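Here's the structure we're looking at; comments come further down.
The values are calculated or read from the model by the stated rules, or taken from the named source; none is laboratory data. Computed from a predicted model, the values in this text were never measured in an experiment. Note that each Cβ is placed from the backbone with ideal geometry, even for glycine, and that neighbours are counted across all protein chains shown. Heads up: the accessible areas ignore ligands, DNA and RNA and are worked out on the full protein's heavy atoms, side chains in. Shrake-Rupley method; radii C 1.70, N 1.55, O 1.52, S 1.80 Å.
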Amino acid sequence: MSKDGEEKIPKRMLIILAAIEVMRELGGEQLTLELVAKRAGVSKGGLLYHFPGKEALVNGVVEALTNSFEADLEKRIVADPISSGRWSRAYIESTFDEAGVGNDVGTVLASALFLNPESLNGIRHAYAEWQRNIENDGLDPVQTTLARLAADGLWFAEMFGLAPPGKELKQRVLEALLQLTKEGN
């Protein structure tokens with residue numbers, strides 16, 4: 001705890017947050033270790049202690065965002081009292097909550113893809129696991145997969161500004177997708 005009673009953010013996380021900020025504001029092509037260190041309030045040597053190069057930093061950012069999404073999924077899964085379809089519902093709700101709210105994940109993934117396509121390998125593995133969970137969620141795997149792909153489609157539409165639906169229609173789409181993840185549909 002710091003002297004004002006707030007928890008101190010670990011330096012590694014400060015660096016990740018600074019890198020996200022740079023990627024969001026300037027894009028991956030402007031990401032430099034010097035700029036990230038300056039924004040994080042650490043020396044370049046301090047940054048290099050945690051991330052030995054730009055590739056490691058980008059991998060760390062992608063990993064942190066993936067872990068954050070997975071933590072949100074887990075929280076929703078535990079809170080859902082209906083076992084069949086709970087994994088799919090959690091995925092859809094988490095994806096809808098992420099869509100259109102600054103979309104740090106989309107910006108970072110696009111930057112990571114630009115900087116080093118292999119940096120997405122971790123999230124590719126996570127998606128494969130998430131898809132397995134969706135297919136084995138106690139419901140028709142075609143329905144749950146359709147719901148997942150539609151949620152991903154909304155996320156991509158909002159990330160790239162590809163005619164995303166308005167707020168009211170988005171809510172109706174969410175309700176329809178959640179309906180696909182309920183028993184008897």
Would you calculate, for the chain, the mean residue ellipticity at 222 nm contributed by helices, counting each DSSP H stretch of 4 or more residues as -39,500 (n - 2.57) and dividing by all residues, to the nearest 500?
-> -23000 deg cm²/dmol
Nearest-ten-degree value, helix 54-79 long axis tilted from longest Cα axis of the chain | 40 degrees
Stokes-Einstein diffusion coefficient of region 55-181, Kirkwood radius over Cα pairs, 37 °C, 0.692 mPa s, in µm²/s = 218 µm²/s
Enter the angle in degrees (range 0 to 90, nearest 10) between the Cα long axis of helix 167-180 and the first principal axis of the Cα atoms of the chain, meaning the one along which they spread out most.
-> 60 degrees
Mind ranking 154-167, 80-93 by how tightly packed they are, going by the mean number of other C-beta atoms within 10 angstrom, highest first?
-> 80-93, 154-167
Compute log10 of I(q)/I(0) for region 122-165 with the Debye formula, placing one identical point scatterer on every Cα and leaving out solvent, at q = 0.14, 0.29, 0.30, 0.32 Å⁻¹, to two decimals.
-> -0.39, -0.94, -0.96, -1.01
Over the chain, what relative contact order in percent results from Cα pairs under 8 Å that are six or more residues apart?
-> 23 percent
Helix 86-98 vs. the chain, principal-axis angle (Cα, 0 to 90°, nearest 10) | 50 degrees
Just the Cα atoms of region 16-106, one point each, no solvent: what log10 I(q)/I(0) does Debye give at q = 0.19, 0.23, 0.26 Å⁻¹?
-> -0.85, -1.06, -1.24
Heavy-atom accessible area per residue of the chain, all protein chains kept, 1.4 Å probe, expressed in Å², is 56 Å²
Kindly flag which residue pairs out of Lys75/Lys170; Lys8/Lys44; Lys44/Lys75 have an alpha-carbon separation exceeding 25 Å in this structure.
-> Lys44/Lys75
Accessible surface of the chain, 1.4 Å probe, proportion on carbon and sulfur as whole % | 56 percent
Give me the Debye-computed log₁₀ of I(q)/I(0) at q = 0.15, 0.16, 0.28 Å⁻¹ for region 9-52, equal point scatterers on Cα only, no solvent, two decimals.
-> -0.29, -0.33, -0.95
